[in-house]
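Report on one structure; see the data block that follows.
Just so it is clear, none of the values below were taken in a lab; they were calculated from the coordinates. This structure is a prediction, so every number in the text was calculated from the model and none was measured. Using ideal geometry, Cβ is built from the backbone for each residue, glycine included, and neighbour counts are taken over all protein chains shown.
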Amino acid sequence: MFTFRQANKSIELIDGFLDKIDQGILMFREGVGNYISGNMNSFQDNLKTLSMLEVEADILRRKVENILYTQSLMPQLRGDIMKLLEELDNIIDLAKKNLYQFDVEIPLIPIELHQDLLKLTDLAFRACESVMPASRAYFRDPASIKEKIHRVYLYEKEADKLADAIKRKVFHDMQNLKLSEKFHLRYFTLHIEHLSDAAEKAADLLSIMAIKRTI
């Protein structure tokens with residue numbers, strides 16, 4: 001797609017940026033798993049690593065933006081690329097903020113919900129993970145984006161269904177919980193669910209970008 005040295009440098013930086021997001025969402029999945037399992041030392045390690053990855057992703061995004069503007073590269077695509085970077089950056093930002101909420105608010109998660117929340121976390125992770133190859137494809141093979149993003153929508157839909165089932169279970173079946181505890185569990189279910197929503201938003205943008213590239 002691009003032949004100029006700075007354009008190639010931008011793509012290399014974007015690849016690194018996507019790697020950081022990939023690693024960050026993995027840390028989020030591991031962090032939730034360690035919190036639910038009571039492995040608090042490992043949870044704190046996940047939190048620190050995710051925070052570091054989020055900072056590194058921000059640095060790479062700013063470097064890409066600087067090259068795109070100062071070198072006047074890809075002016076017809078620059079706006080779309082900047083918006084894509086913003087949506088992808090939002091994924092790792094949400095992952096960090098949401099994992100920090102576990103550390104700050106220390107939610108009490110009944111054992112009956114452990115497997116459900118672990119599965120929800122995995123679905124959110126897979127939705128975000130599926131955005132990465134589609135994002136890389138935009139710079140190399142935009143015609144293949146459509147076939148790559150269908151997994152994002154599949155996982156996001158499954159995450160929505162499971163999140164609704166968890167909230168229904170909490171409010172309808174778990175009579176031993178206080179109302180405040182139920183609200184707290186709903187809140188953290190939404191935290192996890194919102195990660196898959198962020199992936200869907202990025203996929204929607206990629207779909208539009210792919211159409212514009214192939215017209």
Connecting every pair of Cα atoms under 10 Å apart in the chain and solving the GNM, the largest mean-square fluctuation among Met132, Met52, Met174 falls on Met174
Between the residues Ile14, Met174, Leu123, the Cα farthest towards the positive end of the dipole of the chain, that dipole coming from +1 and -1 charges on the beta-carbon of Lys, Arg, Asp and Glu, is from Ile14
Considering only Ser196, Ile149, Ser42, whose Cα is most displaced toward the positive end of the charge dipole of the chain, charges sitting on Cβ of Lys, Arg (+1) and Asp, Glu (-1)? Ile149
Whichever lysines have a C-alpha closer than 22 Å to that of Lys182, once near sequence neighbours (fewer than 8 apart) are set aside: Lys97, Lys119, Lys161, Lys167, Lys169
Under 8 Å for C-alpha pairs, at least 6 residues apart: give me the relative contact order for the chain, rounded to a whole percent. 25 percent
Theoretical ellipticity at 222 nm over the chain - DSSP helices of four or more residues, -39500 (n - 2.57) apiece, nearest 500: -31500 deg cm²/dmol
Please report Arg136, Arg61 as a ranked list, fewest other C-beta atoms within 10 angstrom at the top and most at the bottom. Arg136, Arg61
Simple spin-label estimate for Asn8 and Met52 in nanometres, 7 Å along Cα-Cβ: 3.1 nm
Computed lengthening from Lys212 to Leu154, 0.36 nm per intervening residue step minus Cα-Cα distance: 18.5 nm
List, in the order given, every pair from Lys9/Lys83; Lys20/Lys148; Lys48/Lys146 whose Cα-Cα distance in the structure shown is over 24 Å. Lys48/Lys146
Which one of Ala95, Tyr138, Leu108 is farthest out on the positive end of the charge dipole of region 83-215, using unit charges on Cβ (Lys, Arg +1; Asp, Glu -1) and the Cα centre as origin? Tyr138
Report the residue, chosen from Leu117, Leu154, Leu88, that carries the largest GNM mean-square fluctuation when the chain is represented by alpha-carbon nodes joined by springs under 10 Å. Leu154
Report the charge-dipole magnitude of region 5-214 in Debye, nearest 20, computed about the Cα centre from +1 at each Lys and Arg Cβ and -1 at each Asp and Glu Cβ. 480 debye
Region 77-119 versus region 169-213: alpha-carbon centroid distance in Å: 9 Å
